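Reading through the structure tokens given below for one structure.
The values are calculated or read from the model by the stated rules, or taken from the named source; none is laboratory data. Here the structure is a predicted model, which means the values were calculated and not measured. Don't worry about glycine lacking a Cβ; one is built from the backbone with ideal geometry, like all the others, and counts go over all protein chains shown.
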Amino acid sequence: MSDKNAEYDFSWCPGCGDFGVLRALELSMQERIIRTELPMVNNVVVAGIGCSGNTVHLLNGEQPYGFHGIHGRSLPIALGVKMSSPELNVVVVAGDGDFLSIGMEHIAPQAARNLNICAVVMDNGVYGLTKGQSSPTTQLETVTSSTPYGKLEKPVNPLDLYLTLGVTYIASGFSSKPKDLAALITQGMDHRGFSIVHVASPCTTYNDTYEILKGSAKKGIEGTAWAIPDSHDAGDADAARAVIHEGGMPLGVIYKDTSRPSFDQQFDGIRKRATQKSTAELLSAFDL
Amino acid sequence: MAGRNEIVVRFAGEGGQGVVTAAEMMARVATGVGYHALTFATFPSQILGGPTWTQARIAKIPVRSPGDAIDILVAFNDEAYQEHRSDVREGGVILLDPAVTPDTSDSHHHCISVPFDELAKQTGESRAANMVVMGGLSRLVNMPLDFFKDFVTNRFAGREGVVEANHMALDLGAAHLEGEDAVADLGKPDKPSYDQLFIKGNEAVATGAMHAGIDFYIGYPISPATPILVYMERNLVGPGKTAVQASSEIESITGLLGAGFAGKKTMTATSGPGFTLMGEGIGLSWMAEIPVVVVDVQRGGPATGLPTKTEQSDLMTALSPAHGDARMPVIAPGTVEECFYGTVAAFNWAERYQGPVMLLTEMSLAERAQNIPKPDLAKVKVESRKVYSGEDGYLRYDSSELSPMPLPGSPGAYVANGSEHDGFGDTTHLPARHVQMTERRFSKLKLLEDGDYERENTSANVAIMPWGGSKGPARDAYDALTAEGVNVSWYYTIFVSPMPPEMVEELLAKDLVLVPELNYLGQMASYLRSMGIKAEAITQYTGLPFKVNELGERIKERLSSSANKNGAKQSNGTKQKGKAVKA
């Protein structure tokens, strides 16, 4: 429950990974205020629909601007905000259904533009808010309410997808490590271009993957999450692809390309080249 | 209604034969020397080839509609000749490509063979075929050849060879029709004393947006709205100005919302299919109270429909493009000039009430080139939203009416929320909040009840009230009926929703309001009936505009059927007969 507003009646389930993502985002924005001396209102958090979307209402303390829009469209809303006010820090929070199913069509254009925003994707591998349907990242053959005979569709590999589409900063994090995650988000915010921080954020009600990710010494299960070694060269796309295909859940910065200008930088270029005309001049082009 | 003091010329052939530019050039030349003109164009939906025709109507006085009967048809191929000759008036002239053999039964038209291409080749400029046509036309309409020559000299200034070749083409065309009788004598033009523009509907929308102070444009290509995108990409430049080509109409509307939220004046333009895709986003705009202007250049529908033909069938969609409890402000210009002023008004409305405004134009207006009085920009008022300038801790949505809008980056953080929300913008499900917020959103529409309207002969019991692009033919029909002694009143506004309240009051007092409109359902009539007005539609759904004579006849037919039934005092919902009526 948000401590600023008793009327707001939403809450995540106990143990939900999204609590960790919320904490990481708060840490990251607070660190940014201190470091840049820009006020909290310089931040805009754009959310889609689903459990993840409520992040914008649950932020504690000083409030950034928020936009809780419609399902799947957080990226183009962020496009409008960022291109209107490039000085703002624009962060998208979305879930795997929101970002990778209904919103999938918006990833490629922002990657092509190298839109200077940071998207934090909370992946729990299920549609939680609508009570447990399969999502694009639900594993093959998994039984969910919408796949009673097991899931037939091959799951998408989001990290591979981002790399293929040309996203210029790709990081992978885990909601149980909010400080590490905050560092990844901070780097994403500071990256001049399109950054995605993909976060394993388990759903304790419909798809509890904590044990799979962390492992269990007691049960003799090895966790699938692993830290990307410092030796990894994030500037090397081939190395990034190798990390992604290593298996399990790599944690850390996977890929970073600083060679491309961001979309707003390219617009600065156009604004220098093109001549702005007054309405009177524009109308006179049609003079009889 | 083509008579001696006006002329309607139609050019028909294949796309790529210069058919489109011919009508525009004819109108441009005529208006340049002081006549009035407008063009009508209909294209095939393909890049090259396909049957295309355009026409220009030229007169000494302002023209409002494309013209019913053609005085001169220029047919570039046999298909064009066969298709269009029945539209040529008795005694009219048909200029034919030599490859076309005129029908011997075609005795009431004067067919003249003109070797357009061959004469053009003689000039050394094979693309000068249009100028050959113009030269011939100068004879037929009694316009001095110098009008055309001066136009060419200006158009191709600095390119001596091109000017020379085109002058020669004009001479050759004129010489070829030496001795032919003119089909009309327009007389000496009375050049208006005021400044004028020669401009198309889409261009008037684009320049209107510029005057209104547009900062952010995003759009996806779609006929017939694409020229607005192209214009913006070229001209919406400079500090703080952004024009983006979207990846879909969904990206257009949601990108627009991000920009509007960030404090920018925004617009997108689309047509029916794209407009429908924007529905959810437009609902979000209403819900989160973000100013945006959405232009729907209507075309035939549904689905891909008739992408290059005209129709007025998106009114219902424009009033309710989204799901849920909302009513959109809708402005529907009916002339090229109104496209300019209507666009400025749409921005002003969006800024004033902080929400979405729909601007409905249509194919026939978008592509219509016309001379209009040049807007006096100093007199065209531009409004901007009320901006919050206080401290943090603002409850942006808390009041029961319009409240200042905070801008990201400045104090006053809130959440723009598509879910029902409280004063800060956080999601809530409390019944009392939904009541408060719903009433707040609807109450803001009151701020838009300042639209003006036209009214004439208001004492008559029956009114004619067209909307959008049907204004021109309806007004011509109204004038003709009035001249015949038919007692009807005239009502018209571009402010469809909310409609000026005094106008609604006056319409409520009428026994019958006849609404000429280009759709099957009679959408405007239905909308008026929802307000209790006794309205009936006179519909047409051919993809083409009304013809004035036909429309006048149908109005008279309806009036006489009322008279036979002892007045038009039938109540709403009773079964109504007559082909003009769609209940």
Subset of the stretch B:209-247 [on the phi < 0 side of the Ramachandran plot and either hydroxyl-bearing (Ser, Thr, Tyr) or without any contact (Cβ under 8 Å) to a residue 24 or more places away in the chain (or both)]: B:Tyr217, B:Tyr220, B:Ser223, B:Thr226, B:Val230, B:Tyr231, B:Glu233, B:Arg234, B:Val237, B:Pro239, B:Thr242, B:Ser247
Residue satisfying condition, being surrounded by fewer than 20 Cβ atoms within 10 Å (Cβ to Cβ) and in contact (Cβ under 8 Å) with a residue 60 or more places away in the chain, within set B:Ala69, B:Ala80: B:Ala69
Options B:Ile61, B:Ile94: the member that is part of a strand (DSSP E or B) and of a type outside the set (S, T, N, Q): B:Ile94
Exclusive hit being of a type outside the set (Ser, Thr, Tyr) and either under 21 Å from the mean Cα position of the chain (by Cα) or farther than 18 Å from A:Phe286 by Cβ (or both), set B:Ala23, B:Ala30: B:Ala23
Qualifying residue in the stretch B:321-328 (condition: over 26 Å from B:Met210 (Cβ atoms), touching an Asp or Glu at 6+ places or on another chain (Cβ under 7 Å) and within 14 Å of chain A (Cβ to nearest Cβ)): yes
Counted residues, the stretch B:200-255 - those being small (Gly, Ala, Ser), facing another protein chain (nearest Cβ under 7 Å) and not in a helix (DSSP H, G or I): 3
Candidates B:Gly260, B:Gly281, B:Gly272, filtered to the one that is closer than 21 Å to B:Ile331 by Cα and either of a type in the set (Lys, Arg) or more than 8 Å from chain A (Cβ to nearest Cβ) (or both): B:Gly272
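Conditions tested, residue by residue: (1) away from chain B (no Cβ under 11 Å); (2) charged (D, E, K, R); (3) assigned to a loop (DSSP other than H, G, I, E, B).
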position: A:Lys219; (1), (2), (3): yes, yes, yes
position: A:Trp226; (1), (2), (3): yes, no, no
position: A:Gly235; (1), (2), (3): yes, no, yes
position: A:Ala240; (1), (2), (3): yes, no, no
position: A:Gly252; (1), (2), (3): yes, no, no
position: A:Tyr255; (1), (2), (3): yes, no, no
position: A:Gln276; (1), (2), (3): no, no, yes
Single unsatisfied condition, A:Cys51 versus (1) without any contact (Cβ under 8 Å) to a residue 60 or more places away in the chain; (2) over 23 Å from A:Gln187 (Cβ atoms); (3) more than 12 Å from chain B (Cβ to nearest Cβ): (1)
Residue tally, condition out of contact with any His (no Cβ under 6 Å at 6 or more places or on another chain) and not in a helix (DSSP H, G or I), over the stretch A:49-81: 16
Single condition B:Pro373 does not satisfy, out of (1) farther than 22 Å from B:Val294 by Cβ; (2) surrounded by fewer than 22 Cβ atoms within 10 Å (Cβ to Cβ); (3) assigned by TED's automatic domain parsing to the domain that holds B:Lys444: (3)
Residue in the stretch A:137-155 that is among the hydroxyl-bearing types (Ser, Thr, Tyr), within 29 Å of A:Leu27 (Cα to Cα), surrounded by fewer than 21 Cβ atoms within 10 Å (Cβ to Cβ) and modelled with pLDDT of 95 or more present: no
From the options A:Val120, A:Val93, residue that is closer than 17 Å to A:Ser201 by Cβ, surrounded by 24 or more Cβ atoms within 10 Å (Cβ to Cβ) and either more than 13 Å from every other protein chain (Cβ to nearest Cβ) or polar (S, T, N, Q) (or both): A:Val120
Selection from the stretch A:54-90 of residues that are basic (Lys, Arg) and either facing another protein chain (nearest Cβ under 7 Å) or farther than 23 Å from A:His191 by Cα (or both): A:Arg73
Residue check, B:Leu319 at pLDDT below 95, more than 23 Å from B:Phe198 (Cα to Cα) and surrounded by fewer than 24 Cβ atoms within 10 Å (Cβ to Cβ): no
